[in-house]
C-alpha cells in the first residue's frame, strides 16, 4: 500500500545556512537537529536536510513515497523499467529507504516506516 508522499529530503552543502533558511521559511524549529540530518514536520510532511546528500548521489530534492512493503514496491518499479539508484537500506530504527530511477530519468524515493508507523 502506498500512503503517498510524506517525506521530502534536500541535499545541502552548508547545513547551518540551510537550517537558518528553512527555519525561517517554515516558521518552525527543527524537531531533529544533528550533524547528519535536520528534520522539520509540517502537517503530515517530513522535510529533511541531508548534508551528505550530494555524496549519496542526490542532485536535488527527493520525494519519498511511504509504502507498506518497500521490497514489493521496489520490484514493481524495476519491473516497469526502473533502475536502482540506491538499494534498500536501514537509516536507523528500522526505517528503510531506497531510490529508483524511472525510464524518464526521474528519481523516485521509497520509504517504509518500522512496524507500519507513519513518520
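Rule-based calculations on the coordinates, nothing more; no lab input. Predicted model, so just to flag it, every value in this text is computed and none were measured. Here Cβ is always computed from backbone atoms with ideal geometry, including for glycine, and neighbour counts include all displayed protein chains.
At-a-glance table
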read-out: Pairs where the first residue, in the range 73-85, is in a loop (DSSP other than H, G, I, E, B) and the second is surrounded by 13 or more Cβ atoms within 10 Å (Cβ to Cβ), C-beta under 6 Å, 6+ apart; value: 82/100; 82/102
read-out: Residue in the range 95-106 that is under 24 Å from residue 16 (Cα atoms) and more than 15 Å from the chain's Cα centre (by Cα) present; value: no
read-out: Members of the range 11-29 found to be touching a strand residue (DSSP E or B) at 6+ places or on another chain (Cβ under 9 Å), over 11 Å from residue 48 (Cβ atoms) and part of a loop (DSSP other than H, G, I, E, B), listed by number; value: 28, 29
read-out: Residue list for the range 30-48, filter: more than 17 Å from residue 62 (Cα to Cα) and in a loop (DSSP other than H, G, I, E, B); value: 30, 31, 34, 35, 43
read-out: Those residues of the range 30-43 which are surrounded by fewer than 17 Cβ atoms within 10 Å (Cβ to Cβ) and in contact with a strand residue (DSSP E or B) (Cβ under 6 Å, 6 or more places away or on another chain), in sequence order; value: 31, 32
read-out: Odd one out for residue 69, checked against (1) more than 17 Å from residue 107 (Cβ to Cβ); (2) in contact (Cβ under 8 Å) with a residue 40 or more places away in the chain; (3) in contact with a strand residue (DSSP E or B) (Cβ under 6 Å, 6 or more places away or on another chain); value: (3)
